[in-house]
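The values are calculated or read from the model by the stated rules, or taken from the named source; none is laboratory data. Just so you know, these numbers come straight off a predicted model, no measurement behind them. Methodologically, a virtual Cβ is constructed for each residue, glycine included, from the backbone with ideal geometry; neighbour enumeration extends over all protein chains shown. Note: areas computed on protein heavy atoms with side chains; ligands, DNA, RNA excluded. Shrake-Rupley method; radii C 1.70, N 1.55, O 1.52, S 1.80 Å.
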Amino acid sequence: MPSEASWRAVAARRFTRATLRPLGTFIPATPGGVRFTRRLVAGSLAVFGPPLRGTSVRRVQLATQGAPAVRGEWVLGPGVSGADAAVLYIHGSGYAICSARTHRGLTSRLSADTGLPVFACDYRLAPSHRFPAAADDVRSAFEWLLTQGFPAHRIALAGDSAGGHLAMDLIGELGRAGLPLPAAVALFSPLVDPTFALAGERDLFRPDPMISAGRARRLVAHYLRDADAEHPRLALPFDPSVDYPPTLVHAGGAEMLAADAEYLARRLRALGARCELRVWPGQMHVFQALPALIPEARPAVREAAAFLREELVPRHGTSACLFGGSRGRLARRRRSA
């Protein structure tokens with residue numbers, strides 16, 4: 001990991017601090033403001049984090065009996081085909097902004113670097129859907145992967161920002177129920193405390209270049225609404241009865257959620273879990289999604305992919321199953337530019 005940020009990363013951070021953070025104060029914290037922000041973020045990611053050429057994408061939208069519908073997309077990077085393991089990716093942006101499509105740049109690179117198919121979950125977004133809709137959708141996606149021939153120990157989780165919180169909630173829910181857990185977790189700039197108490201303290205003395213803690217709190221409030229902040233699916237109690245899987249956490253040194261990343265690492269290590277923490281000097285929130293702008297994005301994704309690959313090494317006696325099988329063959333692929 002470099003000891004200093006590249007000049008391009010520094011320039012991007014300074015430009016963002018001078019433009020995006022002030023702009024956030026003028027965007028109303030209303031459903032209309034959320035819609036405007038969705039268009040702004042989608043356009044930015046399309047320019048600075050496009051999917052790899054040759055990536056294959058297949059949309060999934062399935063009704064399930066007794067559980068939320070499964071929505072999302074299979075993403076296969078160039079050269080990736082069948083596999084007996086998969087990555088479940090959970091996007092972030094305050095439970096309200098992004099989608100599997102906006103994150104195709106990141107998921108296509110994660111697929112190419114792991115050599116595995118990535119299922120990017122499209123959970124229901126706020127403000128139309130409140131807590132725990134997103135969390136329930138993520139669990140439904142995980143349980144659906146189990147029915148597709150991927151046992152839990154051949155599934156890795158990855159996610160960013162609010163997706164990190166949803167990933168840790170999923171592990172906690174599965175663990176407390178005594179159900180099998182994913183093999184490993186890789187998180188980019190994870191949100192751990194949805195009240196932004198941790199991030200707010202950091203933002204006071206080191207302002208985040210993208211957004212203020214207050215603004216982020218108002219965005220997340222569309223999802224939380226009147227939910228109790230101490231609810232275990234929000235406060236994440238880190239139950240000692242849960243055997244948390246090996247976890248890699250990345251954060252940017254310039255972002256306020258570095259405080260959440262450090263807190264997450266401390267809590268997992270205190271429980272005896274293996275957690276590797278990387279705070280990348282001078283980087284912004286989820287810089288991994290901006291490879292056309294920030295040179296450090298690619299090596300960061302490669303590091304996360306290597307971590308997941310290592311944890312997903314086939315166990316003795318594991319029976320291989322071709323990705324998708326007769327139920328999920330990628331017969332109707334379409335190319336994304």
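Checked against (1) over 22 Å from residue 105 (Cα atoms); (2) open to solvent by less than 10 Å² (accessible area, probe 1.4 Å); (3) of a type outside the set (Asp, Glu), residue 231 meets all criteria but (2). In the stretch 179-213, the residue that is least open to solvent (accessible area, probe 1.4 Å) out of those that are aliphatic (A, V, I, L, M) and without any contact (Cβ under 8 Å) to a residue 40 or more places away in the chain is 197.
Could you go through the stretch 192-203 and let me know if any residue there is under 23 Å from residue 15 (Cα atoms) and touching a Gly at 6+ places or on another chain (Cβ under 8 Å). There is at least one residue in the stretch 192-203 that is under 23 Å from residue 15 (Cα atoms) and touching a Gly at 6+ places or on another chain (Cβ under 8 Å). Within the stretch 117-155, the set of residues being of a type in the set (A, V, I, L, M, F, W, C), in a loop (DSSP other than H, G, I, E, B) and open to solvent by less than 10 Å² (accessible area, probe 1.4 Å) comprises 126, 150. Restricting attention to the stretch 44-101, the residues being within 14 Å of the chain's Cα centre (by Cα) and at negative phi number 12.
Of all residues in the stretch 301-325, those that are closer than 17 Å to residue 113 by Cα and open to solvent by 50 Å² or more (accessible area, probe 1.4 Å) have Cβ atoms under 9 Å from Cβ atoms of residues that are of a type in the set (Ser, Thr, Tyr) and at pLDDT 95 or above, 6 or more apart or on another chain, in 309/114.
For the stretch 16-55, filtered to residues that are open to solvent by 70 Å² or more (accessible area, probe 1.4 Å) and of a type in the set (Val, Ile, Thr), the residue that is nearest to residue 75 (Cα to Cα) is 47. Criterion applied to 42, 67, 29, 46 was being over 30 Å from residue 16 (Cα atoms) and of a type in the set (A, V, I, L, M, F, W, C), and the one residue passing it is 67. Taking the stretch 156-178 as the search range and keeping residues that are over 15 Å from residue 246 (Cα atoms) and within 12 Å of the chain's Cα centre (by Cα), which one is surrounded by the most Cβ atoms within 10 Å (Cβ to Cβ)? Residue satisfying both the conditions and the ranking: 163.
Filtered by the rule that a residue be out of contact with any Gly (no Cβ under 8 Å at 6 or more places or on another chain), under 20 Å from residue 279 (Cα atoms) and part of a helix (DSSP H, G or I), the stretch 235-259 gives a lone residue, 259. Kindly check whether there is at least one residue in the stretch 87-107 that is over 21 Å from residue 39 (Cα atoms) and surrounded by fewer than 19 Cβ atoms within 10 Å (Cβ to Cβ). Taking every residue of the stretch 87-107 in turn, none turns out to be over 21 Å from residue 39 (Cα atoms) and surrounded by fewer than 19 Cβ atoms within 10 Å (Cβ to Cβ).
For the stretch 49-85, the set of residues classified as of a type outside the set (Lys, Arg), in contact with a Leu (Cβ under 6 Å, 6 or more places away or on another chain) and modelled with pLDDT of 95 or more consists of 49, 56, 70, 77, 78, 85, listed by residue number. If you go through the stretch 255-288 and pick out every residue that is small (Gly, Ala, Ser), open to solvent by 10 Å² or more (accessible area, probe 1.4 Å) and in contact (Cβ under 8 Å) with a residue 40 or more places away in the chain, you end up with 2.
Return the residues of the stretch 191-228 that are over 21 Å from the mean Cα position of the chain (by Cα) and either aromatic (Phe, Trp, Tyr) or within 23 Å of residue 172 (Cα to Cα) (or both); say none if nothing qualifies. Hits for the stretch 191-228 are 205, 225, 226, 227, 228.
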